[in-house]
Each structure stands twice: as structure tokens, then as C-alpha cells.
Amino acid sequence: MNFDEIKKVIADAAREAGIEQYDVYYSTGSSTDVETLNDEISNFSSSVSGGLCFRCLVDGKMGLASTELITESEMRKIVAAAADNARATEKLAEGGFYHGGGTYGKKNAPEYKPLSAAELKKLALEIKDKIYAKGDTIAPGTQTGTSTGSSTVRIFNSFGVDLENTNGLSEAYAIPVVKIGDEAEHDWDVQEINDKFDMQKLVDTAYEKTASRIGAGYVTTGKYNIIINPETMRGLLSTFVSAFTGKSAQMGLSLLKGKEGEKIASDVVTITDDPMRPGVSIQATFDAEGVPTYKKNVIENGVLKTLLYNMDTAKKQGIESTGNASKGGYSGAVGTSPFAFCLEAGKYTEDELFALAGDGILITELNGMHAGANPTTGDFSLGSAGFLIENGIKTKAVKEFTVAGNFYTLLKSVVALSDKVDVGISGGATTFGSPYVFVGQMSIAGKQ
């Protein structure tokens, strides 16, 4: 069935069932992945996925049902099943469905150019060859990979909202294992495959990151000036992003509850959510409920301007949705998440920021964020690695120390930011971005 046929069957089935308010979320996707291990292709996979979710209001209660089988009889079944689920629910719905009337923005993402399986295989092997060209320090276990994929979301509802969005990207990664003497290390780098793709830079960066870990020393316990690199700060933002949702606040799972309009961070901290951020490949002009998306300052110069809401949590708050409804998959319940969640840049070059720090530690790795960090309280205690900063210069690698602190306190302690935001590759509902972050003194547990 094509989508027009799906809409007609569902509309007819809903009318026959006396259902006046409903929406449909339909998603399809495909991906192809190639991996190498050592000097050969180790994995090749291709997948196609998709399905449909029907939600409806019956007697003021929300019910939903989903399916991967797209046939007329199945469409009628899920309409009936969703209505039955609504009747069995005790809780009255808060949000309902988007009535339309809003203004949708325009995407400015780079054009997605899918790659064939043969092209992916060729690229993965070429990356592998360039890594092994680095010489005898490349050890067994070295991996490379390439992938391409796209997804399409269609939403329509009983109020006439009818929307479509397609995204796609291709990427390549390298994970070299470098052995020098008796010591072996591994690290990685990833790049989006587009007009700016630089294979040699990918290989060089992955190798240099790995080789720099060889011979890492230790630091003694104490307080140090800390700079967090963009990749690591993106990981922290990802770990604590749920604290910025209205749902977490309303459930008592965020210390930001009731803090909108209050100062919660340093003056230099501005965090935005921009669904059409230039340079980001995964963009959306509407959210999972069909509400128009827009750029917003979540934190502006240290002040919490807004949490993120879908229609349900917004109604509980007595405000309009911020256009941040999300679904983890077509069959999932509607949640909340940002699109491109970025700590914005400051005024210092990278060199100037290091000079400002003087002596300290550059953190390039935080391990165990899911186990060692609590998004509710903001507390974290994480195994770390990085580099010493001596007289404003990054010097030797250091490892096996623990950094402990609190995310909310960290936001208040930011001294300065570098002047360029490094945005990661979209790996799900949210893309994260950050500059280098100088957070002043933090407690480090190292060697006694």
C-alpha cells in the first residue's frame, strides 16, 4: 500500500468506529554497513525496517497500536486495537493532537548521496590500507567501517496535518590498534562521507589519537584546572540531556524543576536546540506529533530560558509545546528530546584557552557515564584519561585517574569556551555539539 491508500483506509476505519481524533506516525528506513577486521571484510549487512503507529482519543483517554504489516486488514485491526487500549486505560490524556496552523521552517541540510554496497566496501578497504601504510606499529585488531542509511517519517492526523520528512547520511570510521614496544592502545575517529570527506585526515587523526596514548603517565590526587575537549563534553551533554525535559522535571527527576527564568550556569554558557542547525545532516521541520520545530535557547548567558516539552507535558505546564516530541521507534510512546543540542562557542581560540588554563589537565576521555553518572542529581565520578597542560601547552598523556563532580556545578564553573563548536555525527534523535570547555578547578583522584 502507498501512503495515500493507508490514509484512506485508516480514515474510513476511524470514522466507522466513531473515532474523531487520531494521528498516524509512519516510518521507513534502510541501511547498509561494511566492517573490516585486520586486513579483510569481516561483516557486511543490509537492513530495511519500518512500521506504523495509530493513536486515538476515546472518552478522553489515549490508546495506541502499531504494526509492521502494511495491509488494509491490518490497518483496520490496529484502529480497533488502539480504541480498545484507550478504553482499558484509566488515565485521561493531557495533550491530545496537534490542530495545525503553525509555520514550518525550511531544512538546509547537505544533500544526502547514498552509497552503493560496492562503494562502501571499496572505501572501507581503502581506509584499512591507509592505516596499515602507517607501518609496523599497526597491530592485529585494527578495524575500519563504512555505512549509509536513510529514513522517512510521515505523519497525518484527523485535523488535516499531513507531513513528510526524509533524512540520510553516510559515514566512515577507523579504529587502529597501535603497538609500540610492549604497550598497545586503540582509539578511533569518524567522519561523515560528504563533499568534505577527507580519508587521509580520518586515518591520520585516528592514528595520532591512538599513538598519543602510548606511554601515558599518571597524575597525583588534587585539584586541577580542567579543559574538556568537545567530544568528551558532547558525551556529558548526552548523559545529562534528560534533565532538560519537562517530563523529567514533572516527575521529580531533574533539579531544573521550577528553575525556568533563573540563573543556573556561568554567564558564558548558552545552550541551544536548533532542529535546522547548518551543517547538521539530520534535520526536522516537525516533531513526532507534527508540531513545527524551531531554534530555541535552552540556556542563555547562564539563564535557563526553557525546558523541552511535547504536547502532553506542555499542557500539564500550561504552555505550548516547544516542538520536541520524539519517538524511539514507530511503535514507541511519545517522549521528549532535543534535535541539535549544542553548547555554543565562546571568544577564545584553542591556543588562547589553553594559555588561560596555564597548568592543568585536558580531559579527552570519560568512561562509564551510564554507570558513574546520575542524571537526576547531576553527580558523576568517572574514570578518565587525557593530557597534562603545562604552561598553556598540551604535553604528555595521562591515564587512570578519576574526575568527580556535579554537572550542574560544572555549568556554573565554566570559565571560558573556545570559539568553534565541534558538532558530532547524528547517531539517533539528537546531535550534540560543544567547543573546548575550561571549567576551572576540579577534584582529581590519581596516584597518592
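Values as computed for the structure displayed
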item	result
Breaking point among (1) under 20 Å from LEU362 (Cα atoms); (2) open to solvent by less than 20 Å² (accessible area, probe 1.4 Å); (3) not in a loop (DSSP other than H, G, I, E, B), for VAL269	(3)
Search result, residues across segment 300-313 that are of a type outside the set (D, E, K, R) and under 25 Å from GLY95 (Cβ atoms)	LEU304, THR306, LEU307, LEU308, TYR309, ASN310, MET311, THR313
Lone unmet requirement of (1) closer than 26 Å to ALA216 by Cβ; (2) in a helix (DSSP H, G or I) for GLY440	(2)
Scan of segment 176-216 for residues that are within 20 Å of VAL34 (Cβ to Cβ) and in contact with a Gly (Cβ under 8 Å, 6 or more places away or on another chain), ordered by number	VAL177, HIS186
Pair list, Cβ < 8 Å and 6+ apart or interchain, from segment 337-348 residues that are among the charged types (D, E, K, R) to residues that are part of a loop (DSSP other than H, G, I, E, B) and surrounded by fewer than 23 Cβ atoms within 10 Å (Cβ to Cβ)	GLU344/THR270; GLU344/VAL421; LYS347/ASP419
Every residue from segment 426-444 that is open to solvent by 50 Å² or more (accessible area, probe 1.4 Å) and either among the hydrophobic types (A, V, I, L, M, F, W, C) or without any contact (Cβ under 8 Å) to a residue 12 or more places away in the chain (or both)	GLY427, ALA429
Cβ-Cβ under 8 Å pairs, at least 6 apart or on other chains, segment 375-395 side on the phi > 0 side of the Ramachandran plot, far side of a type in the set (S, T, N, Q) and surrounded by fewer than 20 Cβ atoms within 10 Å (Cβ to Cβ)	GLY378/ASN406; GLY378/THR409
Unique match (being within 29 Å of GLY168 (Cα to Cα) and either surrounded by fewer than 17 Cβ atoms within 10 Å (Cβ to Cβ) or not β-branched (Val, Ile, Thr) (or both)) among ASP59, ASP12, ASP23	ASP23
Spans of strands (runs of 3 or more DSSP E) in segment 135-191 with at least 3 residues of a type in the set (Val, Ile, Thr) and crowded, with 21+ Cβ neighbours inside 10 Å	143-157
Leading residue by the ranking (nearest to ILE319 (Cα to Cα)) among those in segment 82-105 that are modelled with pLDDT of 95 or more and open to solvent by 40 Å² or more (accessible area, probe 1.4 Å)	HIS99
Hey, LYS412 among the basic types (Lys, Arg) and either outside the structural domain of GLY235 (by TED's automatic domain parsing) or under 14 Å from ALA445 (Cβ atoms) (or both) or not	no
Selection status of GLU74, at pLDDT below 95 and either farther than 13 Å from GLN21 by Cβ or among the hydroxyl-bearing types (Ser, Thr, Tyr) (or both)	no
Count of segment 262-289 residues which are in contact with a strand residue (DSSP E or B) (Cβ under 7 Å, 6 or more places away or on another chain), of a type outside the set (A, V, I, L, M) and more than 14 Å from GLY105 (Cβ to Cβ)	7
Residues located in segment 108-130, provided they are surrounded by 14 or more Cβ atoms within 10 Å (Cβ to Cβ) and in a loop (DSSP other than H, G, I, E, B)	ALA109, PRO110, TYR112, PRO114, LEU115
Residue in segment 95-106 that is β-branched (Val, Ile, Thr) and part of a loop (DSSP other than H, G, I, E, B) present	yes
Every residue from segment 252-265 that is open to solvent by 20 Å² or more (accessible area, probe 1.4 Å) and in contact with a Lys or Arg (Cβ under 9 Å, 6 or more places away or on another chain)	LEU253, GLU260, GLY261, LYS263
Unmet requirement for PHE387, which otherwise passes all of (1) part of a strand (DSSP E or B); (2) closer than 28 Å to GLN250 by Cβ	(2)
Filtered residue count, segment 228-251, keeping only those that are within 30 Å of GLU350 (Cα to Cα) and either open to solvent by less than 40 Å² (accessible area, probe 1.4 Å) or assigned to a loop (DSSP other than H, G, I, E, B) (or both)	13
All positions within segment 203-215 that are within 17 Å of ILE393 (Cβ to Cβ) and either open to solvent by less than 30 Å² (accessible area, probe 1.4 Å) or of a type in the set (D, E, K, R) (or both)	GLU208
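This table checks each residue for (1) open to solvent by 30 Å² or more (accessible area, probe 1.4 Å); (2) not aliphatic (A, V, I, L, M).
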{"site": "GLY18", "(1), (2)": "yes, yes"}
{"site": "SER27", "(1), (2)": "no, yes"}
{"site": "ASP33", "(1), (2)": "yes, yes"}
{"site": "LEU37", "(1), (2)": "yes, no"}
{"site": "GLU40", "(1), (2)": "yes, yes"}
{"site": "SER46", "(1), (2)": "yes, yes"}
{"site": "LEU52", "(1), (2)": "no, no"}
{"site": "ALA65", "(1), (2)": "no, no"}
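Here is a yes/no grid of residues against (1) of a type in the set (A, V, I, L, M, F, W, C); (2) buried (at least 23 other Cβ atoms within 10 Å of the Cβ); (3) out of contact with any strand residue (DSSP E or B) (no Cβ under 8 Å at 6 or more places or on another chain); (4) not assigned by TED's automatic domain parsing to the domain that holds GLN441:
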| residue | (1), (2), (3), (4) |
| --- | --- |
| ASN310 | no, yes, no, no |
| SER331 | no, no, no, no |
| PHE339 | yes, yes, no, no |
| ASN391 | no, no, yes, no |
| PHE401 | yes, no, no, no |
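The values are calculated or read from the model by the stated rules, or taken from the named source; none is laboratory data. Here the structure is a predicted model, which means the values were calculated and not measured. Because the Cβ atoms are built from the backbone with ideal geometry, glycine has one as well, and the counts that use them run over all protein chains shown. Note: areas computed on protein heavy atoms with side chains; ligands, DNA, RNA excluded. Shrake-Rupley method; radii C 1.70, N 1.55, O 1.52, S 1.80 Å.
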